[in-house]
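Working notes for the structure below.
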Amino acid sequence: MKVMLAKSAGFCYGVKRAVELAHATAEGNNPCYMLGDLIHNTHVVEDLARCGIVKTQCSEMLNVGDTVVIRSHGEHKKVLDGLAAKGVHCVNATCPNVMQIQQRIAQSQQEGRRCIIIGDPGHPEVVGVASFCQDAMILPTSEKVAQWLENDSQNCELPLTLVAQTTCIQEIFENSQKILKKQCTNLKIFDTICNATYKRQTEAAEIASQVGVMVVVGDRKSANTKHLKEICQTLCPVVVQIEQASELDGNLFVGCQVAGLTAGASTPAGIIKEVYATMSEENMIQEESFEELLNQSF
Ligand code: F3S
């Protein structure tokens, strides 16, 4: 069986930066904390804990002089303000792309605009971003956007700013834009889907349309992995999401000539390599893709 491996599989720039920052911070600070999961990958979080980074869910327990690393998804503004007021040393590993949305939202609020975020209302990135303005409207789908406009005709007259969760599916954001553009009179749009997500989703779609089985590797809490799976499901008859190689069922590949493999932005290269090795008996991986994987250090 041939395996097509997505070149974009594995750590994105923001996740790599967060993990490196956490390791560097742990070296000089004892104890060092992370507030929630630094990234959505259990293996990486456990590895960070072994390096001395203590995970806590509660900012209240941190005290003056403590050091805390803020996760790649960002944090609620009230929590950040509370930590600063207390004198806790914050190392901000929020992805710069997420920080840019936080700033755009805060700026829009100052301009008197109502913010609409296309994303998952329960995801920490969205919860954090929304906290940078008052009364943000979080809508997960274009259908919800249409419903929100229908519910109150005055919504169409409001000055609006539209942003997306960084890992939003492109099609959902485009459809939302279309609906709002048709009906709203004062709309500012910022396409805040990050480039890494865009490339990963595009490549996953290309591969999924050519293979009999598509494997998506990533933590079940990871929003971008979930979206990769959803995109692949529209193009490939058999799509599975796994967190590690041991979850692979060999029966899936019976009769399959070509399978595809991609992974979410917080999946370490070591796990992708293991999955690849399990899937493929013959090494048909493209040399340059494999080189890229080997160059990832986590
Ligand atoms: Fe940042 Fe995009 Fe990764 S927002 S954390 S570069 S998926």
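Which whole-number percent gives the relative contact order of the stretch 1-99, counting Cα pairs below 8 Å spaced six or more residues apart?
Taking the mean separation of contacting Cα pairs over the length of the stretch 1-99, I get 31 percent.
Cα-Cα over 25 Å: which of LYS7/LYS229; LYS78/LYS229; LYS7/LYS144; LYS144/LYS182; LYS16/LYS273? Before the final figure, lay out each step's value.
Working: LYS7/LYS229 17 Å; LYS78/LYS229 33 Å; LYS7/LYS144 34 Å; LYS144/LYS182 15 Å; LYS16/LYS273 17 Å.
Check vs 25 Å cut-off fails for LYS78/LYS229; LYS7/LYS144.
Between ILE179 and THR141, with labels modelled 7 Å along Cα→Cβ, what's the label distance in nm to one decimal, could you check?
0.9
According to the square roots a ≥ b ≥ c of the eigenvalues of the Cα gyration tensor, what is the shape class of the stretch 96-247, taking rounded for a/c under 1.5, prolate for a/b larger than b/c otherwise, and oblate for the remainder?
prolate
Near the amide H of TYR33, under 5 Å away, which other amide H atoms are found, from residues 5 or more places off or on another chain, if H is placed in the peptide plane?
When sequence neighbours closer than 5 places are left aside, the close amide H contacts are VAL54, THR67, VAL68, VAL69.
What ranking do CYS32, CYS115, CYS156 get, fewest neighbouring Cβ atoms within 10 angstrom at the top?
Starting with the residue having the fewest Cβ neighbours, the order is CYS156, CYS32, CYS115.
Counting only helical runs of four or more DSSP H residues, what would the 222 nm mean residue ellipticity of the chain come to if each run contributes -39,500 (n - 2.57) and the total is spread over all its residues?
The helix-only estimate for the chain comes to -13000 deg cm²/dmol at 222 nm.
Between ASN251 and ASP152, with labels modelled 7 Å along Cα→Cβ, what's the label distance in nm to one decimal, could you check?
About 5.3 nm separates the two model spin labels.
Name the long-range amide H neighbours of ILE116: under 5 Å, sequence gap of 5 or more, or other chain; modelled H, no Pro or chain starts.
Result for ILE116 returns MET137, THR161, LEU162, VAL163.
Under the definition of Cα pairs under 8 Å and six or more residues apart, what whole-number percent is the relative contact order of the chain?
23
At what distance in nm do the modelled label points of VAL54 and GLN233 sit from each other, each positioned 7 Å from its Cα along Cα→Cβ?
Roughly 4.1 nm, to one decimal.
What residues from the stretch 44-74 fall in the zone where the backbone N is under 11 Å from a label point 7 Å along the Cα-to-C-beta line of HIS89?
65-68
Identify all aspartates and glutamates with a Cα-Cα distance to LYS86 below 18 Å; exclude those on the same chain that are fewer than 8 residues away in sequence.
GLU60, ASP66, GLU75
Rounded if a/c is under 1.5, else prolate if a/b is larger than b/c, else oblate: which is the chain, with a ≥ b ≥ c the root eigenvalues of its Cα gyration tensor?
Details: a/c = 2.58, a/b = 1.18, b/c = 2.18.
Oblate is the answer for the chain, as a/c is 1.5 or above yet b/c matches or exceeds a/b.
Here, each number is a calculation from the coordinates, and none is a lab measurement. Since the model is a prediction, treat every value here as computed from it, not as a measurement. Methodologically, a virtual Cβ is constructed for each residue, glycine included, from the backbone with ideal geometry; neighbour enumeration extends over all protein chains shown.
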